[in-house]
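**Q** Before I ask anything, let me first share the structure, which is written out below as structure tokens.
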Amino acid sequence: MNPFEDQIYVIIFSTLFLGGLMSTFVVAMVFIHRQRQAQNRQKLDFIKSEHEKTLLNIENEIQHETLSHVGRELHDNIGQLLSLAKLNFGSIKPEKHAAGRELLSQIIQEVRSLSKSLNLDWVDEISLEDFISQELEKVKSTGFCETSINFETEFSNLKKDEKLVLIRVIQEILNNAIKHASPNHIRISANQLEGAQHIVIQDDGIGFDINQNSNGSGMFNLAKRMETIGGKFDIQSKPGNGTLIKLTLSS
Amino acid sequence: MNSGLLQAFSHWFTIGANLLLILGVIFFIKLPKEKKANIQYWLPFLILAFTVFYENFGSYTNYNYEFKKAVNAYLGNTEYPQFNLWLFNIARRQVGVILYLLLIRYWLQPAYKKYMNWMILVFIVLVVVLQISGVEPLYLNQPIIFAIGANLILIGSGLYFIGMITRDQYLGRNPLRLVSFWQMTLIMFTFSLNYISSVTLLYLYAVNPVLGKALQDLSYVMMLGTLAVLIVTIASPLFPDKFEKEPSFEIS
């Protein structure tokens, strides 16, 4: 074999080797892509099922609370009104009968508003700002602490399930503040910055160490709930310095 | 018609490239206005038109020896007046490489685009330095410049494939139905084989012309394949059921 032939074989071999190498590379890339695609699909399915689970839990919690509220209303409000109406209709005086009829109208109104709260249609009907205002008004009316609200953005683009999650997260944060923080003031504000909407819930209560496990697990659940609607949950707190929670939703 | 002119343009590669340009023009004219203004479609069309232009110009220089000789003399090459390497050095190994790098850059995620900008800049500087310093004159074979260009294209294609297996935008799609995937694959193969062909061509023609011609023909086939993929890219909006929508990194 002469040296020219050797060199020719080297050229042929190099060409075939390079062609084979590139073919293998492209095929391997497609194969890896397929594998990652399957993994990605599994991940998405998992996130979807987590989202559905979270929604189901939230709906159960709201229904449970609603039933407790209905029970309380039936016993403390409607039951009392019915007893009063019975007394009025038992009297022989005509003015008592008129008062009884007024009471019956009031009872009908109360039952209507109670029946409305039994399903979740109210979530569609109420704006997030109105809901938070009502919640803060409830807190204020108990004389527990002062509250204030400042909304600079509207959350009209939220879907029902996203709104439901957000409502539950805010309720839970307010409950935590009332139960554990002993604040003098709770302030909720909302704004839009850099393509994202933010809700900031701030209290001037006793604060806590966010690294402590006892508080951390509750906060972890709230963060997970925010993740299911593509949002973020950030908390800043120190003992004696109050708590600031920021909920972020990309627009 | 002049038989010499006819002979110069009668090579199957030149005829094939011209036919592909006609197809490309037809598809590009049929594109909606907003697609014509989109770099995804006009850049492949520009590369197609530019490639066919310089291939035809190369054929013309083979017909008009006096013109070729004059250009060679102007560049300082009186030793090989029959060469038209200056044309292919400028068009295929320098401008062509930059155009393909820009095309690859278009498909990459923003982080990788920065690397591509630097790669293009470094390539331009190296080309200028190597030519001005006389290391690789414009009128002779330029293996170093072509090697750098081919390697940058290989790196660019590699970055595309990395994005393809890591980015969510690609993981939701079937790569075999993406024109960008076929573009990258064909560009990678064409430049690698062209590189081997160009560095061994002179030697092979002297020692084993049959093998030299076979390797040259293989390069031509790959180049026609790349031009065909560019046409497919231009035509892809006209056949929406055949191709998947390319991932966009602008929104994410």
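The values are calculated or read from the model by the stated rules, or taken from the named source; none is laboratory data. Quick caveat: nothing in here was measured; it's all calculated off a predicted structure. Here Cβ is always computed from backbone atoms with ideal geometry, including for glycine, and neighbour counts include all displayed protein chains.
**Q** Would you confirm whether any residue within segment B:127-140 is within 14 Å of chain A (Cβ to nearest Cβ), out of contact with any Asp or Glu (no Cβ under 8 Å at 6 or more places or on another chain) and of a type outside the set (A, V, I, L, M, F, W, C)?
**A** For segment B:127-140, residues within 14 Å of chain A (Cβ to nearest Cβ), out of contact with any Asp or Glu (no Cβ under 8 Å at 6 or more places or on another chain) and of a type outside the set (A, V, I, L, M, F, W, C): absent.
**Q** Show me the helices (runs of 4 or more DSSP H) entirely contained within segment A:72-174 in which 2 or more residues are within 21 Å of A:I229 (Cα to Cα) and within 24 Å of the chain's Cα centre (by Cα).
**A** Once the helices (runs of 4 or more DSSP H) in segment A:72-174 are filtered for at least 2 residues that are within 21 Å of A:I229 (Cα to Cα) and within 24 Å of the chain's Cα centre (by Cα), what remains is A:122-125, A:128-141.
**Q** Among the strands (runs of 3 or more DSSP E) contained in segment A:181-244, which hold 3 or more residues that are within 15 Å of the chain's Cα centre (by Cα) and closer than 21 Å to A:F131 by Cβ?
**A** A:196-203, A:231-237
**Q** Still on this model: Could you grab me the full set of residues in segment B:167-195 that are facing another protein chain (nearest Cβ under 8 Å) and either surrounded by fewer than 18 Cβ atoms within 10 Å (Cβ to Cβ) or charged (D, E, K, R) (or both)?
**A** B:D168, B:G172, B:L176
**Q** Another question, then. Among the residues of segment B:151-166, which ones are surrounded by fewer than 22 Cβ atoms within 10 Å (Cβ to Cβ) and closer than 19 Å to B:L193 by Cβ?
**A** B:N151, B:L154, B:I155, B:G158 - these are the residues of segment B:151-166 that are surrounded by fewer than 22 Cβ atoms within 10 Å (Cβ to Cβ) and closer than 19 Å to B:L193 by Cβ.
**Q** Does segment B:205-227 contain any residue that is of a type in the set (F, W, Y) and out of contact with any helix residue (DSSP H, G or I) (no Cβ under 8 Å at 6 or more places or on another chain)?
**A** Looking through segment B:205-227, none of the residues is of a type in the set (F, W, Y) and out of contact with any helix residue (DSSP H, G or I) (no Cβ under 8 Å at 6 or more places or on another chain).
**Q** Now for a separate question. Filter segment A:188-225 down to the residues that are among the aliphatic types (A, V, I, L, M) and buried (at least 18 other Cβ atoms within 10 Å of the Cβ), then identify the one that is modelled with the lowest pLDDT.
**A** Among those residues, the one meeting the criterion is A:M219.
**Q** Could you say which residue among A:F25, A:F46 is within 14 Å of chain B (Cβ to nearest Cβ) and closer than 30 Å to B:Y160 by Cβ?
**A** After ruling out the rest, the residue left standing is A:F25.
**Q** Residue under question is A:L18, and the condition is that it be in a helix (DSSP H, G or I), within 9 Å of another protein chain (Cβ to nearest Cβ), hydrophobic (A, V, I, L, M, F, W, C) and surrounded by 14 or more Cβ atoms within 10 Å (Cβ to Cβ); does it hold?
**A** Yes: the conditions hold for A:L18.
**Q** Please state which one of A:Q37, A:Q42 is modelled with pLDDT of 90 or more, within 26 Å of B:L176 (Cβ to Cβ) and either assigned by TED's automatic domain parsing to the domain that holds A:D161 or surrounded by 15 or more Cβ atoms within 10 Å (Cβ to Cβ) (or both).
**A** Testing whether each residue is modelled with pLDDT of 90 or more, within 26 Å of B:L176 (Cβ to Cβ) and either assigned by TED's automatic domain parsing to the domain that holds A:D161 or surrounded by 15 or more Cβ atoms within 10 Å (Cβ to Cβ) (or both) leaves just A:Q37.
**Q** B:Y160 versus (1) more than 29 Å from B:Y203 (Cβ to Cβ); (2) within 14 Å of chain A (Cβ to nearest Cβ); (3) without any contact (Cβ under 8 Å) to a residue 40 or more places away in the chain: which is the lone unmet condition?
**A** (3)
**Q** Also: For segment B:238-245, check the following and say yes or no: at least one residue is of a type outside the set (A, V, I, L, M) and in a helix (DSSP H, G or I).
**A** no
**Q** Given the conditions (1) small (G, A, S); (2) more than 13 Å from every other protein chain (Cβ to nearest Cβ); (3) part of a helix (DSSP H, G or I), which single one is not true for B:S248?
**A** Every listed condition holds for B:S248 apart from (3).
**Q** If I go through segment A:106-163 residue by residue, how many of them are surrounded by fewer than 16 Cβ atoms within 10 Å (Cβ to Cβ) and of a type in the set (F, W, Y)?
**A** Residues meeting the conditions: 2.
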